[in-house]
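Here the structure is laid out as structure tokens; the discussion comes afterwards.
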Amino acid sequence: MWAGEIGRESERQAAINHVMELHRARNTEIEQAYYRAAKKTFGPKAFVGTHATTFPVLDSREFERDGLNWWTATRSFGQTDEITPYCARTSLAKKFGGAVWYNQWYAPTPESYEKGIWSYALTGGRMNFHVLYRIPCAARN
């Protein structure tokens with residue numbers, strides 16, 4: 001499917017679309033099951049703060065994770081990842097009936113967290129913290 005065959009471009013595109021739809025649909029099913037299990041286990045007010053990592057820029061990884069399931073898997077809040085554009089973040093917040101969205105973030109320096117916290121808050125967001133990347137021991141003290 002990478003290069004395609006001359007004269008069969010529409011078949012190739014249909015096959016690519018089919019594969020991407022299978023990925024989206026199956027990932028949505030998995031995340032729906034996880035969401036239901038978390039709510040059943042921890043109660044209806046539990047915050048389920050997980051979602052598939054996606055890549056908002058089209059590149060070679062996009063065939064696996066395109067973010068489309070963010071719109072189809074149930075969430076308590078809109079949730080995004082890393083460098084997702086703010087327009088997608090606020091749209092997801094509205095889709096799930098809230099004014100707040102969460103964005104997963106991880107970086108090698110504390111400074112980027114500080115900047116993100118404030119810029120997120122100004123636009124209706126919150127930061128879902130990941131641990132800092134590996135920081136040398138001397139820098140942690």
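The values are calculated or read from the model by the stated rules, or taken from the named source; none is laboratory data. This structure is a prediction, so every number in the text was calculated from the model and none was measured. As a convention, Cβ positions derive from the backbone with ideal geometry for all residues, glycine included, and neighbour counts pool all protein chains shown. Areas reflect the complete protein model, heavy atoms only, side chains present, ligands, DNA and RNA absent. Shrake-Rupley method; radii C 1.70, N 1.55, O 1.52, S 1.80 Å.
Please find, within region 96-109, the residue that is nearest to the chain's Cα centre (by Cα) out of those that are at pLDDT 85 or above and either exposed (fewer than 14 other Cβ atoms within 10 Å of the Cβ) or aliphatic (A, V, I, L, M) (or both).
The selected residue is VAL100.
Taking the conditions exactly as written (among the basic types (Lys, Arg) and at pLDDT below 80), does ARG75 satisfy them or not?
no
Can we say LEU132 is under 17 Å from the mean Cα position of the chain (by Cα), among the aliphatic types (A, V, I, L, M), modelled with pLDDT under 75 and open to solvent by 60 Å² or more (accessible area, probe 1.4 Å)?
Against the criterion (under 17 Å from the mean Cα position of the chain (by Cα), among the aliphatic types (A, V, I, L, M), modelled with pLDDT under 75 and open to solvent by 60 Å² or more (accessible area, probe 1.4 Å)), LEU132 does not qualify.
For the structure I just gave you, tell me whether THR50 is under 16 Å from MET127 (Cα atoms), modelled with pLDDT under 80, in contact with a strand residue (DSSP E or B) (Cβ under 9 Å, 6 or more places away or on another chain) and surrounded by fewer than 17 Cβ atoms within 10 Å (Cβ to Cβ).
yes
I'm trying to understand the selection: among the residues of region 1-47, which are β-branched (Val, Ile, Thr), farther than 30 Å from VAL100 by Cα and open to solvent by less than 80 Å² (accessible area, probe 1.4 Å)?
ILE16, VAL19
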